[in-house]
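A quick write-up on the structure given underneath.
Quick note: the coordinates plus some simple rules give every number you see, no bench work behind them. Small disclaimer: the values here were computed from a predicted structure and weren't measured.
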């Protein structure tokens, strides 16, 4: 039994990889477990052994994206670090995540289903949270309590800050624009941080 476990895990990964390609190319409705099994080079029965339905397979990909998101946005407000340094760190985490081609493709897959507002889309809306907004909102709240930023709505400022980054490093890429190069990334980070400081930093 022990010898089969690595092989089973390899097959699961192969199925998820094949499903990601299939959903990206054809969307949820246009994809089939048949084609996914062929792309993964496994039997259809093997696919169903790992995932009971196409919906479960799709949700596994969505949760995989959520886990990546959660792992990427781990930070806390630190009193002994400057606002400038911490804002740069938050912006860099967002940029780093959004300049990985595979992450953008996963987001595109999930976004299409959310837009369709079908049963699986509704389930995703209920279960998948914006961890980057939550973490950033908490950070702004702590910075405000520490007297460093003058704000009255932490979530609004968090969305404003992350939204400016996404305006350059996410939304255009959803429609096929190239990922930002290093110089462009640095410029977006710098301008986003400057915007927050100019509007909300306590002088």
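What the table shows:
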| quantity | calculated |
| --- | --- |
| The chain - percent relative contact order, Cα under 8 Å, separation 6 or more | 21 percent |
| Per-bin percent of Cα-Cα distances, segment 1-90 [5 Å] | 3, 12, 19, 17, 11, 8, 6, 6, 7, 6, 3, 0 |
| Where only alpha carbons of segment 1-52 are counted, the Rg and the Dmax (Å) | 11.3, 37 |
| Dimensions in Å of the chain - Rg and Dmax from alpha carbons | 20.0, 65 |
| Relative contact order [Cα under 8 Å, 6+ residues apart], segment 6-98, whole percent | 23 percent |
| Length-normalised contact order of segment 1-52 in % [C-alpha pairs under 8 Å, at least 6 apart] | 36 percent |
| Mean-position separation - Cα centroids, segment 150-203 and segment 39-82, in angstrom | 26 Å |
